[in-house]
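Novice: What follows is a single structure, and I will ask about it in a moment.
The values are calculated or read from the model by the stated rules, or taken from the named source; none is laboratory data. Here the structure is a predicted model, which means the values were calculated and not measured. We place every Cβ from the backbone using ideal geometry, glycine too, and count neighbours over all the protein chains shown.
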Amino acid sequence: MDEIDRIRELFTARNIKITPQRVAVYRAMRVLGHACAEEVAGEVRKTTPTTTVGTIYNALDCLVEHGLLAKIQTTDNKMYFDINTREHYHLYCEKTHRIEDFEDEGLARIIRAYLARNSVPGFRVTGTRLQLTGTFEK
């Protein structure tokens, strides 16, 4: 089974209508990992040059809605998308705008335990997003 067949199978399992544009956007995100819509458009246009930015945004939103991508808003107020939907955190470089995944089970346990002990009245926590900002050293 090739990559496109696996993507189609994944879309079918999630009840996502299979379109060439959505497949191209998901393939681009698999290559990029973390990307803004413009970066996804650049990658998609390597194989389908007539795809519009509007179509890219619609496909990204659809994939987020169906749980195949996550949104990340950075401190510079720019929206990025993430192919990794498992529980994890992000390192965000304020200088280069690079985003890296940061997985730390110990930190995740601390956050879960804290939230279990310190619930917010009238609010049910469904997830956490943590972004550590700074700069990557060479």
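Novice: Of these, Gly54, Gly67, which one is in a loop (DSSP other than H, G, I, E, B), closer than 27 Å to Tyr92 by Cα, outside the structural domain of Ile99 (by TED's automatic domain parsing) and of a type outside the set (D, E, K, R)?
Specialist: Matching residue, one of Gly54, Gly67: Gly67.
Novice: Can you name the residue in the stretch 61-103 that is of a type in the set (A, V, I, L, M) and touching a residue at least 40 places away in the same chain (Cβ under 8 Å) and, of all such residues, is nearest to Gly33 (Cα to Cα)?
Specialist: Once the filter is applied, the top-ranked residue is Ile83.
Novice: Can you pull out the residues in the stretch 71-105 that are out of contact with any Phe, Trp or Tyr (no Cβ under 8 Å at 6 or more places or on another chain) and among the β-branched types (Val, Ile, Thr)?
Specialist: Ile83, Thr85
Novice: Within the stretch 79-137, how many residues are within 23 Å of Leu68 (Cβ to Cβ) and in contact with a Cys (Cβ under 6 Å, 6 or more places away or on another chain)?
Specialist: Residues flagged as within 23 Å of Leu68 (Cβ to Cβ) and in contact with a Cys (Cβ under 6 Å, 6 or more places away or on another chain) within the stretch 79-137 amount to 1.
Novice: For the stretch 1-45, what are the residues that are buried (at least 16 other Cβ atoms within 10 Å of the Cβ), in contact (Cβ under 8 Å) with a residue 24 or more places away in the chain and either within 15 Å of the chain's Cα centre (by Cα) or outside the structural domain of Leu60 (by TED's automatic domain parsing) (or both)?
Specialist: Arg22, Val25, Tyr26, Arg27, Met29, Leu32, His34, Ala35, Cys36, Ala37, Val40
Novice: Is it the case that Ala108 is outside the structural domain of Glu137 (by TED's automatic domain parsing), out of contact with any Phe, Trp or Tyr (no Cβ under 6 Å at 6 or more places or on another chain) and not hydroxyl-bearing (Ser, Thr, Tyr)?
Specialist: Against the criterion (outside the structural domain of Glu137 (by TED's automatic domain parsing), out of contact with any Phe, Trp or Tyr (no Cβ under 6 Å at 6 or more places or on another chain) and not hydroxyl-bearing (Ser, Thr, Tyr)), Ala108 does not qualify.
Novice: Just to be sure I understand, how many residues within the stretch 46-86 are surrounded by 14 or more Cβ atoms within 10 Å (Cβ to Cβ) and of a type outside the set (S, T, N, Q)?
Specialist: Of the residues in the stretch 46-86, 17 are surrounded by 14 or more Cβ atoms within 10 Å (Cβ to Cβ) and of a type outside the set (S, T, N, Q).
Novice: Shifting gears a bit: Take Leu132 and decide whether it is touching a strand residue (DSSP E or B) at 6+ places or on another chain (Cβ under 6 Å), at pLDDT 95 or above and aliphatic (A, V, I, L, M).
Specialist: no
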